[in-house]
Structures are given as structure tokens and as C-alpha cells.
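Engineer: Attaching a single structure in C-alpha cells format; questions to follow.
The values are calculated or read from the model by the stated rules, or taken from the named source; none is laboratory data. On a predicted model such as this, the values are computed, not experimentally measured, just so you know. Note: ideal-geometry Cβ built from the backbone for every residue, glycine included; neighbour counts use all protein chains shown.
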């Protein structure tokens with residue numbers, strides 16, 4: 001069985017994405033101290049937390065558990081690496097700037113994400129009205 005690298009990967013990915021432990025813990029609905037215990041390898045996250053982390057960083061759970069992120073330097077590197085490993089992933093259909101924009105969006109606080117979605121819906125509505133005769 002491959003070596004479990006979860007704690008190191010959680011730390012490395014958090015640093016790559018320039019998150020604090022507090023920010024990650026908020027995004028995955030966990031207490032900061034609990035998250036800190038995961039990074040120090042003093043506790044293992046639950047499956048829902050593991051899935052939330054993989055979604056946050058756009059990596060598979062296997063990559064999160066066993067991957068080697070030591071040579072990855074930026075979030076863009078993760079997108080490229082992930083796309084090469086799992087071509088069926090939805091990010092593969094996005095070009096570099098679009099994928100980066102999606103990653104930036106995922107870093108927004110929940111309220112800002114909600115406002116952004118509402119704005120996009122409003123713009124779609126306006127565009128649909130303009131296209132009607």
C-alpha cells in the first residue's frame with residue numbers, strides 16, 4: 001500500500017493556495033484546531049472533510065491521500081497536473097485563464113460567491129431579454 005501523505009499534502013496545498021488554517025477550516029466547516037490536528041497528523045479527517053478538501057484544491061482524494069505535491073509551486077500547476085491525471089474532470093475543458101478564474105472564485109467567501117452567482121444570473125436574464133424581438 002502506498003505511503004499516506006495526507007498531513008503533508010494538506011499543509012503543502014494550503015500554502016500553495018495561500019490560505020490560513022482558519023480560512024481552510026471555514027471552507028470545510030471544521031474547527032481550526034481540528035484542522036490543525038489534521039496537518040500535524042494527530043487526527044484523520046472524516047470522509048466528508050476529505051471530499052471537501054479535494055474539491056477545494058481541485059485534486060482527487062487519492063492525490064490528496066497519496067500524492068506528491070513537493071514539486072508543485074502554484075495553483076495553476078495543480079490544475080495542469082490534475083488535468084493530466086484525470087482528463088474527464090470538468091476543469092479540463094477550461095482554458096488556463098478560465099480555470100484560474102474558477103479557482104479564484106472558489107477562494108471567495110461564501111457570501112461573495114453567492115453575490116457573484118446572482119450577478120451572473122442577472123446578466124443572463126438581461127442578455128436573454130436583449131435577444132428577444
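Engineer: If residue 130 satisfies every condition in (1) at pLDDT below 80; (2) assigned to a helix (DSSP H, G or I); (3) farther than 30 Å from residue 34 by Cβ but one, which is the exception?
Structural biologist: Looking at each condition in turn, residue 130 falls short on (1).
Engineer: So, residue 36, is that one under 14 Å from the mean Cα position of the chain (by Cα) and free of Cβ contacts under 8 Å to residues at least 60 places away in the same chain or not?
Structural biologist: Details: under 14 Å from the mean Cα position of the chain (by Cα): no; free of Cβ contacts under 8 Å to residues at least 60 places away in the same chain: yes.
Taking the combined requirement at face value, the residue does not satisfy it.
Engineer: All but one of (1) surrounded by 15 or more Cβ atoms within 10 Å (Cβ to Cβ); (2) at positive phi hold for residue 41; state the number of the condition that does not hold.
Structural biologist: Only one criterion is unmet by residue 41, namely (1).
Engineer: Further question: Could you list, in sequence order, the residues of the stretch 49-64 that are assigned to a helix (DSSP H, G or I) and buried (at least 17 other Cβ atoms within 10 Å of the Cβ)? Step through it out loud before you land on a result.
Structural biologist: Step one: list which residues in the stretch 49-64 are assigned to a helix (DSSP H, G or I), which gives 49-57, 61-64.
Within the stretch 49-64, 49, 50, 52, 53, 54, 56, 57, 63, 64 qualify.
Engineer: Suppose we filter 20, 46 for residues that are surrounded by fewer than 14 Cβ atoms within 10 Å (Cβ to Cβ), modelled with pLDDT of 85 or more, over 14 Å from residue 6 (Cβ atoms) and more than 11 Å from the chain's Cα centre (by Cα); which single one remains? First the steps, then the outcome.
Structural biologist: On the way: 46 fails: over 14 Å from residue 6 (Cβ atoms).
Result: 20 is the single residue among 20, 46 that is surrounded by fewer than 14 Cβ atoms within 10 Å (Cβ to Cβ), modelled with pLDDT of 85 or more, over 14 Å from residue 6 (Cβ atoms) and more than 11 Å from the chain's Cα centre (by Cα).
Engineer: Additional query: Can you confirm whether the stretch 95-105 contains a residue that is assigned to a helix (DSSP H, G or I), modelled with pLDDT under 80 and either in contact with a helix residue (DSSP H, G or I) (Cβ under 6 Å, 6 or more places away or on another chain) or surrounded by 16 or more Cβ atoms within 10 Å (Cβ to Cβ) (or both)? If you could, list the steps in order and put the result at the bottom.
Structural biologist: Here is the first cut: in the stretch 95-105, the residues assigned to a helix (DSSP H, G or I) are 96-105.
Adding the requirement that they be modelled with pLDDT under 80 leaves 96-105.
When the remaining residues are screened for being either in contact with a helix residue (DSSP H, G or I) (Cβ under 6 Å, 6 or more places away or on another chain) or surrounded by 16 or more Cβ atoms within 10 Å (Cβ to Cβ) (or both), the result is 99, 103.
Looking for residues that are assigned to a helix (DSSP H, G or I), modelled with pLDDT under 80 and either in contact with a helix residue (DSSP H, G or I) (Cβ under 6 Å, 6 or more places away or on another chain) or surrounded by 16 or more Cβ atoms within 10 Å (Cβ to Cβ) (or both), one finds at least one in the stretch 95-105, hence yes.
Engineer: Could you please let me know if residue 29 is more than 23 Å from residue 109 (Cβ to Cβ) and modelled with pLDDT of 85 or more? Break it down into steps so the answer makes sense when it comes.
Structural biologist: Working: more than 23 Å from residue 109 (Cβ to Cβ): no; modelled with pLDDT of 85 or more: yes.
For residue 29, the condition - more than 23 Å from residue 109 (Cβ to Cβ) and modelled with pLDDT of 85 or more - is not met.
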